[in-house]
Amino acid sequence: MPGYKVHINGALVAGVLILLALVNFGLYRIDPQEVCTLLIICVLGALFPDVDTDSKGKRLFYSAMLILDVALIYLKQFQWAAYLGLLAILPGISAHRGWTHKWWAMFMVPLPMVVVPYYIYGMEFTTLLPYYFAFVTGYFSHLLLDREF
């Protein structure tokens, strides 16, 4: 099975290829800050399937979640910090290669990134979809590299 470095590199390659395709078709205009954010989300999506086991990828994923959660608390975004905390503990309820390695989880896990802001804060889907698809792209790259398809 590929290690965390392969999954990170796979996510970066997949994310850059998708972004280049979107730019080529005129569907995306490059914003450097947003590109960095999307690539970080893509890498987190690639690391997520292995958070149900003791691994370097798990430690990297949860370190990023901790930094983000502390930042949200510092910014007094307590609801977002609570949502993040809830989502971060979900993999702990399964065995390795359980639901986190299923194709449907690739679509379901990042769904709260779109649903919660839309229903609770009234944000537009079009604003949220790039982040959803970045996570899905990273997740897909992980499952592809693990030969789950």
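Somewhere in the range 84-97, is a residue at pLDDT 85 or above and either hydrophobic (A, V, I, L, M, F, W, C) or touching a helix residue (DSSP H, G or I) at 6+ places or on another chain (Cβ under 8 Å) (or both)? Looking through the range 84-97, none of the residues is at pLDDT 85 or above and either hydrophobic (A, V, I, L, M, F, W, C) or touching a helix residue (DSSP H, G or I) at 6+ places or on another chain (Cβ under 8 Å) (or both).
Here is the figure for the range 72-91: residues that are in contact (Cβ under 8 Å) with a residue 24 or more places away in the chain and either outside any helix (DSSP H, G or I) or hydrophobic (A, V, I, L, M, F, W, C) (or both) total 2.
May I ask you to list the residues in the range 107-129 that are in contact (Cβ under 8 Å) with a residue 40 or more places away in the chain and either touching a strand residue (DSSP E or B) at 6+ places or on another chain (Cβ under 6 Å) or in a helix (DSSP H, G or I) (or both)? Can you show your working first?
The initial filter retains those residues of the range 107-129 that are in contact (Cβ under 8 Å) with a residue 40 or more places away in the chain, namely 109-110, 120.
Ile120, the sole residue that qualifies.
For the range 49-67, the tally of residues that are farther than 13 Å from Gly10 by Cβ and either touching a Lys or Arg at 6+ places or on another chain (Cβ under 7 Å) or not basic (Lys, Arg) (or both) stands at 13.
Taken together, the criteria place Leu38 among residues that are of a type outside the set (Asp, Glu) and touching a Pro at 6+ places or on another chain (Cβ under 9 Å). Residue count for the range 3-20 satisfying the condition of being closer than 12 Å to Ala46 by Cβ and either in contact (Cβ under 8 Å) with a residue 40 or more places away in the chain or not charged (D, E, K, R) (or both): 12. Out of curiosity, is Ala105 buried (at least 16 other Cβ atoms within 10 Å of the Cβ) and either in contact with a Pro (Cβ under 7 Å, 6 or more places away or on another chain) or over 14 Å from Phe48 (Cβ atoms) (or both)? Criteria not met by Ala105. For the range 1-25, a residue qualifies if it is at pLDDT below 90 and either surrounded by 21 or more Cβ atoms within 10 Å (Cβ to Cβ) or part of a loop (DSSP other than H, G, I, E, B) (or both), and the qualifying residues are Met1, Pro2, Gly3. Just one of the listed residues (Pro49, Pro117, Pro112) is at pLDDT below 90 and touching a His at 6+ places or on another chain (Cβ under 6 Å), namely Pro49.
Evaluated against (1) closer than 11 Å to Ala46 by Cβ; (2) over 10 Å from the mean Cα position of the chain (by Cα); (3) modelled with pLDDT of 95 or more, Phe107 falls short on exactly one condition, (1). Residues satisfying the criterion are absent from the range 137-145 (criterion: more than 22 Å from Ala11 (Cβ to Cβ) and not basic (Lys, Arg)).
Within the bounds of the range 117-136, is there any residue that is surrounded by 14 or more Cβ atoms within 10 Å (Cβ to Cβ) and touching a Cys at 6+ places or on another chain (Cβ under 6 Å)? Yes: one or more hits.
The values are calculated or read from the model by the stated rules, or taken from the named source; none is laboratory data. Quick caveat, the model's predicted, so the values are computed rather than measured. In this analysis, Cβ positions are derived from the backbone assuming ideal geometry, glycine residues included, and neighbour counts consider all displayed protein chains.
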